[in-house]
1. Going by the structure shown, is Leu47 open to solvent by less than 80 Å² (accessible area, probe 1.4 Å) and in a loop (DSSP other than H, G, I, E, B)?
2. If you go through region 94-115, how many residues are more than 12 Å from Leu35 (Cα to Cα), open to solvent by 40 Å² or more (accessible area, probe 1.4 Å) and in a helix (DSSP H, G or I)?
3. Out of Leu9, Leu35, which single residue is of a type outside the set (Phe, Trp, Tyr), more than 12 Å from the chain's Cα centre (by Cα) and loosely packed, with under 14 Cβ neighbours inside 10 Å?
4. Based on this model, can you work out whether Phe68 counts as open to solvent by less than 30 Å² (accessible area, probe 1.4 Å), touching a Lys or Arg at 6+ places or on another chain (Cβ under 7 Å) and either outside any helix (DSSP H, G or I) or closer than 18 Å to Trp135 by Cβ (or both)?
5. Being in contact with a helix residue (DSSP H, G or I) (Cβ under 8 Å, 6 or more places away or on another chain), within 17 Å of Ala60 (Cα to Cα) and open to solvent by 60 Å² or more (accessible area, probe 1.4 Å): is that true of Phe134 here?
6. Assuming Arg74 fulfils every condition listed in (1) in contact (Cβ under 8 Å) with a residue 24 or more places away in the chain; (2) open to solvent by 30 Å² or more (accessible area, probe 1.4 Å); (3) closer than 21 Å to Trp135 by Cβ apart from one, which condition is it?
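The values are calculated or read from the model by the stated rules, or taken from the named source; none is laboratory data. What you see is a predicted model, and the numbers here were worked out from it, not measured in a lab. Quick reminder, even Gly has a Cβ in these numbers, built from the backbone with ideal geometry, and neighbours come from all protein chains shown. Quick note on the areas: whole protein, heavy atoms, side chains included, nothing else; ligands and nucleic acids left out. Shrake-Rupley method; radii C 1.70, N 1.55, O 1.52, S 1.80 Å.
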Amino acid sequence: MSGRDGGPLRRRLEQIGREFAKFGAVGGLGLLVDLGVFNLVRHLTDLPVVRASIVATVVAIGFNYLGFRYFTYRERDKNRRTRELTLFLLFSAIGLVIQSGVLYAATYGFGWDSPLQSNLFKFLGIGIATVFRFWSYRTWVFQKLPGVGGDAVETAESFLDDPRDTRIDRVT
């Protein structure tokens, strides 16, 4: 650790904390979209519970992509949008399977299908899938630009902390 600011580990934890807070803000709004659409579809149509959940999740996935791209990860690489969107949809689909699996097991495996139980298990499934999504989006989908964040920033900050150190390898 390096004295006054707590060092690279603290900076890294603060960076991840800020990223997680932004992810949570978008995800929280996406949760409201998901649960709102889910309950509307359940009450206005005759779709079975898991199908209603899938419709709601697909709407929330679209909402979340816009929020993640233009808010949470707006500084990340934007050059490969087709790849980004493909991976986002792939990992979102895996998350959809996770959360639908929880709801399916509760509804058809245990017979817990009252509106309260459906919402509870949908919420639980979303929570489990969110852990997977956070990891996969930040690792594979919204990649850092070279020289932005992470080690490059820490190395540059270390160099600035000691201006007498003129070694080139400290900044590259």
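1. Here the answer is yes, as Leu47 does meet what is asked.
2. Residues in region 94-115 being more than 12 Å from Leu35 (Cα to Cα), open to solvent by 40 Å² or more (accessible area, probe 1.4 Å) and in a helix (DSSP H, G or I): 7 in total.
3. Criteria check complete, one pass: Leu9.
4. For Phe68, the condition - open to solvent by less than 30 Å² (accessible area, probe 1.4 Å), touching a Lys or Arg at 6+ places or on another chain (Cβ under 7 Å) and either outside any helix (DSSP H, G or I) or closer than 18 Å to Trp135 by Cβ (or both) - is not met.
5. Taking the combined requirement at face value, the residue does not satisfy it.
6. (1)
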